[in-house]
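Dropping the structure in here first, questions after.
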Amino acid sequence: MSSFDLFKYGLVLLLPAAYLARRYTRSAAPPPAPDTAPADEKPVKSIMQAPRDDLAPPKDDPFTLEQLKEFDGSDASKPIYVSIKGTVFDVSAKADVYGQGKSYNIFAGKDGSMGLGMSSLKDEHAVPDYRGLNDADRKVLDDWHGFFTKRYNIVGKVIDHPVKESPNVETAEENPTSNL
Ligand code: HEM
């Protein structure tokens with residue numbers, strides 16, 4: 001292989017890695033906030049899964065935080081649930097990221113709203129009480145709620161969530177420039 005080939009392959013490998021690192025590094029760029037492309041920006045092809053048009057009507061089944069734990073991906077015969085601001089989503093279709101030992105398993109079987117708002121994967125941040133978030137991080141959290149609403153079936157709501165505020169789903173719905 002010539003040194004030019006090595007250079008080419010190096011670029012092919014490094015550029016996406018650099019892009020992802022920049023996109024997700026808190027200090028370098030805002031946290032991963034889906035659905036927030038400014039109006040004057042051309043839509044960019046997203047690395048995220050596309051919204052779905054085959055979602056079931058949202059269900060209203062009650063879950064306690066304790067009951068949610070059953071759906072953390074540790075039992076492959078059960079669905080995997082992620083709750084955001086008390087809305088419970090069935091993310092079983094993405095067991096490759098939410099399943100046991102996978103990158104976002106930290107959010108499975110619980111309501112990890114605070115961690116989502118902070119763009120943190122730390123265990124201690126994956127808790128339901130997000131009242132400590134600043135406005136920017138609340139916006140990130142609402143954007144995640146919108147992101148999940150467009151991609152996952154809603155199976156219920158958390159009845160003992162510490163925050164009694166209804167999710168602001170407008171953020172994502174009102175953004176016509178969204179390419180996610
Ligand atoms: C360098 C750090 C990171 C990289 C390279 C990265 C990369 C990615 C990629 C490639 C996806 C798409 C996955 C797929 O559709 O299969 C994704 C989705 C996602 N990321 Fe990250 N990420 C990073 C950090 C974070 C952090 C800190 C959070 C914490 C909130 C986070 C939360 C998520 C969530 C919730 C999804 C959506 C998965 C889904 O349901 O489709 N990521 N990330």
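The values are calculated or read from the model by the stated rules, or taken from the named source; none is laboratory data. Quick caveat, the model's predicted, so the values are computed rather than measured. Cβ placement follows ideal geometry from the backbone for every residue including glycine, while neighbour counts extend to all protein chains displayed. The protein model used for the area step is the full one, side chains on, heavy atoms only, and it has no ligands, DNA or RNA in it. Shrake-Rupley method; radii C 1.70, N 1.55, O 1.52, S 1.80 Å.
Mind checking the full-extension length gain between D96 and V163? Use 0.36 nm per residue of separation minus the Cα-Cα distance, one decimal, nm.
Extra length from D96 to V163 when fully extended: 21.2 nm.
Find the accessible area per residue for the range 58-173; the probe is 1.4 Å, ligands and nucleic acids are left out, and the unit is Å².
It amounts to 46 Å² per residue over the range 58-173.
Turning to a different aspect of this structure: Ranked highest first by average number of other Cβ atoms within 10 Å, how do 83-89, 104-110 line up?
Result, highest mean Cβ count within 10 Å first: 83-89, 104-110.
Between their Cα atoms, which of K78/K102; K69/K94; K45/K85; K45/K110 are more than 25 Å away from each other?
Beyond 25 Å: K45/K85; K45/K110.
Distance in nm between label sites at D123 and S46, each 7 Å beyond Cα in the beta-carbon direction?
3.1 nm
Ok, one more. Sorted by accessible area with a 1.4 angstrom probe, largest first, how do L65, L121 fall? Show your work: numbers first, answer last.
On the way: L65 45, L121 95 Å².
These residues rank, largest area first, as L121, L65.
A further question on this structure: For every other residue with a beta carbon closer than 13 angstrom to the beta carbon of A126, add +1 if it is Lys or Arg and -1 if Asp or Glu, then tell me the sum.
Charge balance near A126 sits at -2.
How do R151, R52, R131 stack up against each other in accessible area, from largest to smallest, with a 1.4 angstrom probe?
These residues rank, largest area first, as R131, R52, R151.
Share of the range 58-173's accessible area from carbon and sulfur, percent, 1.4 Å?
In the range 58-173, the share of accessible area belonging to carbon and sulfur is 51 percent.
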